[in-house]
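Student: Sending over a structure as structure tokens; questions will come in a sec.
The values are calculated or read from the model by the stated rules, or taken from the named source; none is laboratory data. Fair warning: this is a prediction, and the values are worked out from it, not measured in the lab. Because the Cβ atoms are built from the backbone with ideal geometry, glycine has one as well, and the counts that use them run over all protein chains shown.
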Amino acid sequence: MNAAFEKHCNILDYALSALWRRRLKNGGILMVFAAVIFLVASFQLVTSALTETAGKVLAAAPEITVQRMSAGRQEAIPLAYGDRLHEIFGIRATVPRIWGYYFDEVRGANYTVLGVAPDMPQADGLGKAVSGSVPWPLGQGRVVLGRAAAATLELQPRQLFSFFRPDLSLKPMTVAGVFRPETELLTADLIAMPLADARDLFGIPASQATDLCVYVANPAEIVTIAEKISKILPDTRVLTRPQIQKTYQVVFGWRSGFASVCLLAALAAFAILAWDKASGLSPEERREIAILKILGWETSDILALRFWEGGLVAGLAFLLGITLAYFHVVFGGAALFKPVLVGWSVLQPTLSLAPPVTLKEVLLLLAFTVLPYLAVTVIPAWRAASVPAESALSG
Amino acid sequence: MLIELENVTKVYNQGRSNEVQALTEVSLAIAPQTMVCLKGPSGSGKSTLLSIIGCIFAPTSGRATIAGKPLARLPDRFLTVHRRATIGFIFQRFNILPALSVAENIVLPLLPLGVSPKARRERAGALMDQLAIRHREHFPAGQISGGELQRVAIARALINDPPIILADEPTAHLDSRLSREFMQIMADLKAAGKTIVITSHDPLVTEHAAIDRVIGVKDGRIDVP
């Protein structure tokens, strides 16, 4: 075997035994570092999982949503507005939708209510998000619930519940199905029902809806068509699907970014601790290095030894941290960070997240955690390697 | 001559307020297969002299040639390479790493040379047999007796088969029995062809029959009586 390779194997072997000899100190550093990496990795994994989940769910959303605005607030939009859009070439369909919120005073919960027209082109996408086989479009008085909403309404085993109309009369509804867990990020508090039922619940006239959903033939024309709609209907707000997706990304990104700043501060504190630990050579360590040098170890060999020690601690902490983070996010539903990262109503989604662990993500984490650790230990390692060999002599 | 020093001066921290002149124009020649004792009080410059002979650093001025190589011309890295091929060190208190096993201590000089584990085991085994410490091979060095410890230190100094053995106050912390035992091993090594330089002011060393020459060192100079 090549002598240079054998030499590095020998130094690695010695580094392992040195780490074991100082296992209390190194174990402490490893655990703290692994905890920091676990936190940073969990945030990154949960953010990318949320963004991906949101992207998948929003793929079924209409390409353009038109809302009527008055005095800066949203109002019901007349269906006649849809007729004025027929002149725009490229629009496949214009469908009314009810999107509102129902506050359940008894349970203190806020549900998102979605009234879906039977002819909505992408309603089948919504139908696919339901567990089991549910007849779609939904029949009158039948609803599909998000899991958190179903749990809050305490429906098991009954399938019937009622909400109050604005005139305080009761509107009965029957549960036809529950949304699949993987869509829970956006469906946790959702109650989907036929458009007519949603109108009935909120007391919205048949000639109106909360939104008009516009479907276009060519997705590349979404922005152009949205601009044309804005010109034809100047009192409306026109939202495109990419804009909504971007909003979700920004929301998750902001929350994650805020938390990441806090965690990077923890990482910086750890780097200072690592510096302190690595630079404060104990008398035994100084003596050991002096002995090794006088026995023929070069400064570069001592540097390699310190790098192996640092690299092994950092590498092991990285593997431990990222593995724990993966289990925390995938199997633990990111329990530690859920309150920070998801949910904007009383009902928190219980997520089933499958973060995409790509090489890019791993390298990014490596760059933010292991590299700073190795960087802050460079000078202490150099200092250690510069211990004069003659200090092993009696003086 | 295996070791030749000519007008060697060593100044520590040259040009600074804490400048110290440790050696002044020392000239010395040591022939192969001889045993020489450097004798002098603490702070006399013995260890600095030993460091130069041991290729730990080059002199500030003068000429030092060890095993045919002039030290002043060798950059630090090559000084180390030359040291590990030429010199075996035995320290005061032996400087054995107590947490390592006896065998691990002995093979320490071989690690940066890229010697394979098998070859290391063989070479250490032969030396442990020679010095009668094979039965302690896997013992932590911190748990063996003083006599065994000195043999481990000797084995470590010999593992690279260097022509020169340097011993720095080797008997300072040994009783007279172990000191005599140590000197006997040194005598055997000299008979086997090694050149040995010992710093000591212990009469058991300076007056030992195997010592060819005692060189006095005082105030950084060779002390001529």
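Student: Looking only at strands (runs of 3 or more DSSP E) that lie completely in segment B:1-52, which have at least 1 residues being more than 27 Å from B:Lys194 (Cα to Cα) and at pLDDT 90 or above?
Tutor: B:3-12, B:20-30
Student: Could you please find all residues in segment B:71-109 being part of a loop (DSSP other than H, G, I, E, B) and facing another protein chain (nearest Cβ under 8 Å)?
Tutor: Listed by number, the residues that qualify are B:Phe91, B:Gln92, B:Asn95, B:Leu97, B:Ala99, B:Leu100.
Student: Report the residue count in segment B:119-173 for those that are surrounded by fewer than 15 Cβ atoms within 10 Å (Cβ to Cβ), within 14 Å of another protein chain (Cβ to nearest Cβ) and hydroxyl-bearing (Ser, Thr, Tyr).
Tutor: Selection size over segment B:119-173: 0.
Per-residue answers, yes or no, for (1) surrounded by fewer than 22 Cβ atoms within 10 Å (Cβ to Cβ); (2) touching a residue at least 12 places away in the same chain (Cβ under 8 Å); (3) not in a helix (DSSP H, G or I):
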residue	(1), (2), (3)
A:Leu24	yes, no, no
A:Gly28	yes, no, no
A:Ala35	yes, yes, no
A:Leu50	no, yes, no
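Student: Only residues in segment A:149-177 that are touching a residue at least 24 places away in the same chain (Cβ under 8 Å) and surrounded by 13 or more Cβ atoms within 10 Å (Cβ to Cβ) count as the first member; pair them with residues that are part of a helix (DSSP H, G or I) and of a type in the set (Phe, Trp, Tyr), Cβ under 9 angstrom, at least 6 apart or cross-chain, and list the lot.
Tutor: A:Arg165/A:Phe202
Student: Just give me the residues in segment A:10-50 being within 30 Å of B:Pro109 (Cβ to Cβ), at pLDDT 85 or above and either among the basic types (Lys, Arg) or under 18 Å from the mean Cα position of the chain (by Cα) (or both), in sequence order.
Tutor: A:Arg21, A:Arg23
The rows are residues; the columns are (1) in contact (Cβ under 8 Å) with a residue 24 or more places away in the chain; (2) assigned by TED's automatic domain parsing to the domain that holds A:Leu170; (3) within 28 Å of the chain's Cα centre (by Cα); (4) part of a helix (DSSP H, G or I).
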residue	(1), (2), (3), (4)
A:Leu201	yes, yes, no, yes
A:Ile204	yes, yes, no, no
A:Leu212	yes, yes, no, no
A:Glu221	yes, no, no, yes
A:Ile225	yes, no, no, yes
A:Lys231	no, no, no, yes
A:Leu239	yes, no, yes, no
A:Pro242	no, no, yes, yes
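Yes/no per residue for (1) surrounded by 18 or more Cβ atoms within 10 Å (Cβ to Cβ); (2) closer than 26 Å to B:Gln14 by Cβ:
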{"site": "B:Ser42", "(1), (2)": "no, yes"}
{"site": "B:Thr48", "(1), (2)": "yes, yes"}
{"site": "B:Gly62", "(1), (2)": "yes, yes"}
{"site": "B:Ile90", "(1), (2)": "yes, no"}
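Student: Can we say B:Ala58 is under 19 Å from the mean Cα position of the chain (by Cα), at pLDDT 90 or above and of a type outside the set (Asp, Glu)?
Tutor: When the stated conditions are applied, B:Ala58 does not pass them.
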